[in-house]
Amino acid sequence: MPNSKLIDRFNRNLNYLRISITDRCNLKCLYCVPQDLIPKLPSREILSYEEILRIVRVSIRLGISKVRVTGGEPLVRKGVYHFLEQLAGIEGLLDISLTTNGVLLKDNIHRIKSAGIKRINISLDTLNREKYQQITGYDFFHQVWDGIELAQRMGFYPIKINVVPVKGVNDDELVDIARLSMDHPFHIRFIEYMPMGSNHMDIDRHLLAPEIKKHIEQLGELVPVDRSTNDGPAERFKFESGPGEIGFIRPISRHFCQTCNRLRLTASGQLRPCLMLDKQEDLKSIIRKGCSDRELAEVFLEAVRHKPLQHKLSTDHNAGSAVQMCAIGG
Ligand code: SAM
């Protein structure tokens, strides 16, 4: 990327923008949404689609080439499919993906496909209907599973399934979940729980990647998969038999900050250079004061200047963001 202007102090090329389009969600996952529910932002405090598209256009001129749409739950926001279409039509954007809990997938998958999205990540922490309800607060397991199967039949690839393992909740199912990669071309991604916001889970419920890996290796040897430059932070493996993959995202046990290429745009219009640190730049205010594209670009460059080398969660469990994941987008 010789022309990228988004190179930080540590020579990382920040070409990936994750965009949360809403702070609202139709689930209340126990590790994500605080029990004492935080009030949702009034809609005037959320960036409009036009504002987001403008930010994306400016960011592409600076070197962003890859965008992920997330939330809250992105599919609950009105007008999202038209927005995805407009996003996919922006010249210079090489990769657009979507992270969803899958609740609304089945009924809207055709619209997602025709909007131009090819890659989706679906969050699913259990294969058991009752447990799904216990984790998320809702009885939507079958709906989500039907959506995943339909997405597979419609040719979405890869379909990544995000799983946050929690002791005493879904640790007894990790082998069954990993086995999905033997029967389906799914990429199962085990994500270490990150303490965020005010409501942390007890440390004795955290499960780190080495323990998860050891556990699922009862299914067979996990063979490393060669990484490509476009890979995210997942350490990738596969079982010898089976079309799928297993990935570990290890923000705690081996943080991947040295290779972090991300900036995050929150639904409220804040540009965050690091998921875990709450220093952020306020894009919404300047847009609404009528700033020029050049001024917008300046804010991006400012965010890049203060992107930290790494977060401190591996050594201090209280060093995470004070903001919940559902408000930033993961
Ligand atoms: N609603 C969408 C979904 O469920 O995929 C997108 C937003 S959700 C915040 C994005 C991802 O963050 C999900 O895969 C979720 O499991 C993960 N996540 C949420 N809270 C987390 C936490 N504290 N630690 C690790 N991952 C978390």
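The values are calculated or read from the model by the stated rules, or taken from the named source; none is laboratory data. Since we're looking at a predicted model, the values are computed, not measured. Note: ideal-geometry Cβ built from the backbone for every residue, glycine included; neighbour counts use all protein chains shown.
For every residue, the table says whether it meets (1) part of a strand (DSSP E or B); (2) touching a strand residue (DSSP E or B) at 6+ places or on another chain (Cβ under 7 Å); (3) more than 16 Å from the ligand (Cβ to nearest atom).
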site	(1), (2), (3)
213	no, yes, yes
218	no, no, yes
223	yes, yes, yes
228	no, no, yes
238	yes, yes, yes
242	no, no, yes
248	yes, yes, no
253	no, no, no
267	no, yes, no
Next item on the list: Filter region 281-308 for residues that are buried (at least 17 other Cβ atoms within 10 Å of the Cβ) and free of Cβ contacts under 8 Å to residues at least 60 places away in the same chain and give the result.
Entry: 281, 299, 303
Check: Can you pull out the residues in region 199-211 that are out of contact with any Lys or Arg (no Cβ under 8 Å at 6 or more places or on another chain) and either modelled with pLDDT of 85 or more or within 12 Å of the ligand (Cβ to nearest atom) (or both)?
Finding: 199, 200, 201, 210, 211
Checklist line | Where residue 143 falls short, out of the listed (1) of a type in the set (S, T, N, Q); (2) touching a helix residue (DSSP H, G or I) at 6+ places or on another chain (Cβ under 7 Å); (3) within 25 Å of residue 328 (Cα to Cα) | finding: (3)
Check: For region 106-135, which residues satisfy the criterion of being in contact with an Asp or Glu (Cβ under 8 Å, 6 or more places away or on another chain) and either closer than 24 Å to residue 84 by Cβ or of a type in the set (D, E, K, R) (or both)?
Finding: 106, 114, 115, 116, 119, 129, 131
Note to self: If the requirement is being charged (D, E, K, R) and farther than 25 Å from residue 107 by Cα, which of these qualifies: 44, 18?
What the structure shows: 44
Item checked: Residue check for residue 110: at pLDDT 95 or above, in contact with a Lys or Arg (Cβ under 9 Å, 6 or more places away or on another chain) and more than 16 Å from the ligand (Cβ to nearest atom) -> no
Margin query: If I ask for residues that are more than 13 Å from the ligand (Cβ to nearest atom), modelled with pLDDT of 70 or more and in a loop (DSSP other than H, G, I, E, B), which ones from region 292-330 would you list?
Written below: 292, 306, 307, 308, 309, 310
Notebook entry, point to check: Within region 167-184, restricting attention to residues that are in contact with a helix residue (DSSP H, G or I) (Cβ under 7 Å, 6 or more places away or on another chain) and either of a type in the set (Ser, Thr, Tyr) or free of Cβ contacts under 8 Å to residues at least 60 places away in the same chain (or both), which residue is farthest from residue 238 (Cα to Cα)?
Noted result: 168
Next item on the list: Select from region 67-101 the residues that are assigned to a strand (DSSP E or B) and without any contact (Cβ under 8 Å) to a residue 60 or more places away in the chain and list them in ascending order.
Entry: 67, 68, 69, 96, 97, 98, 100
Checklist line | Some residue of region 27-38 being hydroxyl-bearing (Ser, Thr, Tyr) and within 16 Å of the ligand (Cβ to nearest atom) | finding: yes
Next item on the list: Quick one: residue 33 ticks every box in (1) among the aliphatic types (A, V, I, L, M); (2) modelled with pLDDT of 95 or more; (3) within 20 Å of the chain's Cα centre (by Cα) except a single one, so which number is it?
Entry: (2)
Check: Of all residues in region 194-211, which are crowded, with 16+ Cβ neighbours inside 10 Å, part of a loop (DSSP other than H, G, I, E, B) and of a type outside the set (A, V, I, L, M)?
Finding: 195, 197, 200
